[in-house]
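Input: a single structure, listed below in structure tokens.
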Amino acid sequence: MPALALIPSDGPSEQQLAEIEAGVRASVVADYLTAQRTGDRLALLAAEYLAARIDESTPDGPRLIDELAGLNQPAAA
């Protein structure tokens, strides 16, 4: 995700918002996986907390906390 994005004066388009949201969600998942791999319990809790706050702000969207929980489940054969 770029550090700087130009947004028109009339606000971001729906496509831009979707790209930004996808980037934030991917970042939370990446942070969660890194915390899991390194055993950093505080970072793991921080990622879960952020996922819960994102879910609260987007109640109609897919739940990020469920996605994180799914990462702990073994893959189906």
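No lab work stands behind these numbers, since they all come straight from the coordinates. This one's a predicted model, so the numbers in the text were calculated from it and none came from an experiment. Glycine also receives a Cβ, built like all others from the backbone with ideal geometry; neighbour counts cover every protein chain displayed.
What the table below lists for this structure:
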{"read-out": "Some residue of segment 62-73 being surrounded by 14 or more Cβ atoms within 10 Å (Cβ to Cβ) and small (Gly, Ala, Ser)", "value": "no"}
{"read-out": "Residues satisfying the stated conditions in segment 7-52, i.e. among the hydroxyl-bearing types (Ser, Thr, Tyr) and surrounded by 14 or more Cβ atoms within 10 Å (Cβ to Cβ)", "value": "TYR32"}
